[in-house]
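Reading through the structure tokens given below for one structure.
The values are calculated or read from the model by the stated rules, or taken from the named source; none is laboratory data. Everything numeric here is computed off the predicted structure, so don't read it as measured data. Cβ sites come from the backbone with ideal geometry, for glycine too, and all protein chains shown count toward neighbours.
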Amino acid sequence: MKKNFNYFLQGLLLVAPVVITGYILYVIFATIDGWLAEKIKLVFDFSIPGLGIVIIFILLTLLGLIGQTALFMPLKRVAGRFIRKIPLLNLLYSSLNDLFSAFVGKEKKFNIPVKVLFNVENNLWKMGFLTKEGMDEINEPGLSSVYFPHSYNFSGELYLIPNERITKIDISLAEAMKFIVSGGVTTIEPLQQ
């Protein structure tokens, strides 16, 4: 009986990640597409599954293109000045803006995976991302800022670490993030040379 239960658990381990990922994607797709399908049906009197997702993709791409034009830049500046005058909104907006631009903006900040020696006595290391080398702003040029995402979570911690304890790792950003967020259970693929 115990052997059968172990086989059951092994089967569950094989299927669960695929099913959970598929379910999350399905819920996101169904929610967005379902909401947009109703609106499209009201306007055009027809319904095509998936059309809502395609429309969102096209609209966001067009918005991104328009946002980079010279005509839109003054509007962005005016909106930015307005948002900076509202204390709580400014904090929220600037934090989210910095976070998104750190991952996908022109100035990607989480692109240098590192390992940091945390405990010399026991040789314990932690993986993270170097976000700034040298902290001259606070008179600490020997420190660098390293962001450590939490495993199985979308949060993390920022530490200021002596440069000599930081070692850059020759793996891609995606592989490092996948490894950290999974709690170290995924396999790291080496960079293709």
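Within region 167-175, identify whether any single residue is surrounded by fewer than 16 Cβ atoms within 10 Å (Cβ to Cβ), modelled with pLDDT under 80 and of a type in the set (Val, Ile, Thr), and answer yes or no.
No, region 167-175 contains no residue that is surrounded by fewer than 16 Cβ atoms within 10 Å (Cβ to Cβ), modelled with pLDDT under 80 and of a type in the set (Val, Ile, Thr).
Is it the case that some residue within region 103-116 is modelled with pLDDT under 70 and assigned to a helix (DSSP H, G or I)?
Taking region 103-116 first, the residues modelled with pLDDT under 70 are 103-110.
Now restrict to residues that are assigned to a helix (DSSP H, G or I): 103-104.
Yes, that holds for at least one residue.
If you take the residues of region 129-151 that are surrounded by 15 or more Cβ atoms within 10 Å (Cβ to Cβ) and in contact with a Gly (Cβ under 6 Å, 6 or more places away or on another chain), which of them is farthest from ILE161 (Cα to Cα)?
PRO149
Which residue pairs have Cβ atoms closer than 7 Å, lie 6 or more positions apart in sequence or on different chains, and pair a first residue in region 150-161 that is acidic (Asp, Glu) with a second residue that is surrounded by 11 or more Cβ atoms within 10 Å (Cβ to Cβ) and modelled with pLDDT of 75 or more?
GLU157/PHE148
Please enumerate the residues belonging to region 55-83 that are in a helix (DSSP H, G or I), aliphatic (A, V, I, L, M) and free of Cβ contacts under 8 Å to residues at least 12 places away in the same chain. Working first, answer last.
Looking only at region 55-83, we keep the residues that are in a helix (DSSP H, G or I), and these are 55-67, 73-83.
Keeping just the survivors that are aliphatic (A, V, I, L, M) gives 55-56, 58-60, 62-63, 65-66, 73, 75, 78-79, 83.
Correct list: ILE58, LEU59, LEU60, LEU62, LEU63, LEU65, ILE66, MET73, LEU75, VAL78, ALA79, ILE83.
Is it fair to say GLY52 is outside the structural domain of LEU143 (by TED's automatic domain parsing), at pLDDT below 75, more than 30 Å from SER145 (Cβ to Cβ) and part of a helix (DSSP H, G or I)? So that I can check it myself, show each step before the final result.
Working: outside the structural domain of LEU143 (by TED's automatic domain parsing): yes; at pLDDT below 75: yes; more than 30 Å from SER145 (Cβ to Cβ): yes; part of a helix (DSSP H, G or I): yes.
Yes: the conditions hold for GLY52.
Taking region 115-128 as the region of interest, how many residues are within 22 Å of ALA176 (Cα to Cα) and loosely packed, with under 12 Cβ neighbours inside 10 Å?
Adding up the residues that qualify gives 3.
Within region 41-63, can you find the residues that are surrounded by 10 or more Cβ atoms within 10 Å (Cβ to Cβ), more than 19 Å from VAL27 (Cβ to Cβ) and not β-branched (Val, Ile, Thr)?
LYS41, PHE44, SER47, LEU59, LEU60, LEU62, LEU63
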